[in-house]
Amino acid sequence: MASSIQETYVTGLKNAHALETQAVQLLSRQLERIESYPEMAAKIREHLAESEEQAKRLEQLLERHGTSHSMLKDFVTGLTGNVAALAHAPMQDEVIKNTFANFAFEHFEIAAYRSLIALAQAAGDNQAIPVLQQSLAEEEKTAQWIGERIEKITLEYAQREAAGMKAGI
């Protein structure tokens, strides 16, 4: 059955909310474990707060369209975020793997918000565009921050490991 642009847009909003739920779980689990990388911990803390705000903004947009987020999608993606965060935990180079995963996840969110902005325009929800652009800008800023530090984090891990220091998270 064909869906209207409006229905596709609302589904996209629900999916984005679920994605932010996953981000909150993923970042929360990483924050619980990080010890040796204070700059990274501070950025995770900052982006966790942004992700929580992004989810609230999406909830408000959904309410304007007479609906709410999908509890099932939120549960499944939240669970996925927890599992993803724990998947790297037993690995010695957890900090590097988390950096790669976070960089990829931020780009997934960037794509999701770009898609939502296009759908909002097509659906005529011009009021939502600045809200979605704000979230997009936050995701781009975080992705840039991570991207600029991949080499630094990798080398810091390698130096800590070579010196016999706690190198992991």
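The values are calculated or read from the model by the stated rules, or taken from the named source; none is laboratory data. The structure presented is a predicted model; accordingly, all values stated were derived computationally and were not measured. For neighbour counting, all protein chains shown are included, and Cβ atoms are generated from backbone atoms with ideal geometry for every residue, glycine included. Quick note on the areas: whole protein, heavy atoms, side chains included, nothing else; ligands and nucleic acids left out. Shrake-Rupley method; radii C 1.70, N 1.55, O 1.52, S 1.80 Å.
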>> I'd like the residue in region 1-51 that is small (G, A, S) and outside any helix (DSSP H, G or I) and, out of all such residues, is farthest from S68 (Cα to Cα).
In response: S36
>> Under 7 Å between Cβ atoms, which residue pairs at least 6 apart in sequence (or on different chains) link something in region 112-138 that is closer than 14 Å to R64 by Cβ with a partner that is open to solvent by 60 Å² or more (accessible area, probe 1.4 Å) and part of a helix (DSSP H, G or I)?
In response: A123/I5; A123/Q6; I129/Q121
> Given the structure, is V10 at pLDDT 90 or above and touching a His at 6+ places or on another chain (Cβ under 6 Å)?
Replying inline: yes
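Quick check on my filter: what residues within region 15-57 are in contact with a Gly (Cβ under 6 Å, 6 or more places away or on another chain) and open to solvent by 20 Å² or more (accessible area, probe 1.4 Å)? Give the steps one after another, and end with the answer.
The first filter runs over region 15-57 and keeps only residues in contact with a Gly (Cβ under 6 Å, 6 or more places away or on another chain), leaving 21-22, 25-26.
If the condition is that a residue be in contact with a Gly (Cβ under 6 Å, 6 or more places away or on another chain) and open to solvent by 20 Å² or more (accessible area, probe 1.4 Å), then T21, Q22, Q25 are the ones that fit.
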> (1) part of a helix (DSSP H, G or I); (2) more than 12 Å from the chain's Cα centre (by Cα): which one isn't true of S68, the others all being true?
Replying inline: (1)
